[in-house]
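Scroll down for the structure; my scribbles are underneath it.
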Amino acid sequence: MTTESDTVETWNVYGAHQLARRLELPELNRWDWGIPDFGPGIEVFGDVAGLRVLDLGSGLGRHAAHLATRGADVTAVDASPAQHQRALARYPDTPGLHLVCADAVAHLRDADPYDLVYSVGSMPYLDPDRLLPVLANGLAPGGRLLFSALHTNSDGTGPSAELMPRPEILRLPGTTEDHPVNMWVLELVPL
C-alpha cells in the first residue's frame, strides 16, 4: 500500500464515522479555508458563473455546492468512498454540481482543463511529484489555482524543504481514536 492509499483509507474511516454519527454541518455562510476566521473570503474567486471548477479533496462537498449555487460548473473529487457518500447524501440534486469518487491525479489526467482548481486543506495529502505535473496541464490557459495548506504539522514543526511525507494524526470527532495520515508540509520557495 502506498502512502497516499493509506491516507485515503484513513479518510474513508473518518467519512464512515461521520456517516454513522449523522453529523449535520451547517451550510457555509462565509468561505472557510479550514482555519476559522482566517484567509480571504469568497471574493478571492471573483465571478465564477459559467466557469469549469474543480474542488480537489471535496469531502462533504459544502464548498463545491456553494460555488455551484453561484453559477459555476463544479466537479467535486474525493478519493474516499465514504466521504463521497456523505456528499451524495447531502447534495443529491444540486444544479451544476458533479460529485466524483476518484483519485485526484487520475481525474486531472483524464479531464478537460478547468478554469479554476481549488482545494480547502486537501493538497498536502497528495504527493506533489504526482499532483503538480497534472495540475499544470489541468488548468486552462489563464486558469487559476487556489488552495489552503497548513504551514506546520500538528506538533508545530514548520515546513520542510525535503520532499517527503510526514506522519500526522487524524482524530475522529467525538472519540479518542487516533488514525495515522501522511502529509507533505512543504516550504514555499519564491521564484
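Placing unit charges on the Cβ atoms of the charged side chains and taking the dipole of the range 1-112 about its Cα centre, the candidate lying farthest along the positive direction among Tyr14, Val105, Pro26 is Pro26. Surface composition of the range 18-163: carbon plus sulfur atoms hold 54% of the accessible area, using a 1.4 angstrom probe and ignoring ligands, DNA and RNA. Placing pseudo-labels 7 Å out from each Cα toward the beta carbon at Thr69 and Arg30 gives an inter-label distance of 1.6 nm. Answer with one residue from Pro92, Val77, Val117: the one whose Cα lies farthest towards the positive end of the charge dipole of the chain, charges on Cβ with Lys, Arg +1 and Asp, Glu -1. So the residue we want is Pro92.
Summary of the geometry: the range 113-191 and the range 1-65, compared by the centres of their Cα atoms, lie 13 Å apart. Report the Rg/Rh value for the range 79-186, based on alpha-carbon coordinates and the Kirkwood definition of Rh. Ratio of gyration radius to Kirkwood radius: 0.99. The order of the peptides 78-84, 29-35 by mean Cβ neighbours within 10 Å, most packed first, is 78-84, 29-35. Once the 1.4 Å probe is applied to the protein heavy atoms, the chain comes out at 54 Å² accessible per residue.
Residue ranges 117-129, 173-185 sort as 117-129, 173-185 when ordered by packing (mean number of other C-beta atoms within 10 Å per residue, highest first).
Based on the reciprocal of the average 1/r between different C-alpha atoms, the Kirkwood radius for the chain equals 17.2 Å. Here the chain is assigned +1 on the Cβ of each Lys and Arg and -1 on the Cβ of each Asp and Glu. Its dipole about the Cα centre then comes out at about 400 debye.
For the chain, averaging the sequence separation of C-alpha pairs within contact (under 8 Å, six or more residues apart) and dividing by the residue count gives a relative contact order of 20 percent.
The values are calculated or read from the model by the stated rules, or taken from the named source; none is laboratory data. Note that the structure is predicted; figures quoted are calculated from it, not measured. Neighbour counts run over all protein chains shown; Cβ positions are idealised from the backbone, glycine included. For accessibility, only protein heavy atoms count, side chains too; no ligands or nucleic acids. Shrake-Rupley method; radii C 1.70, N 1.55, O 1.52, S 1.80 Å.
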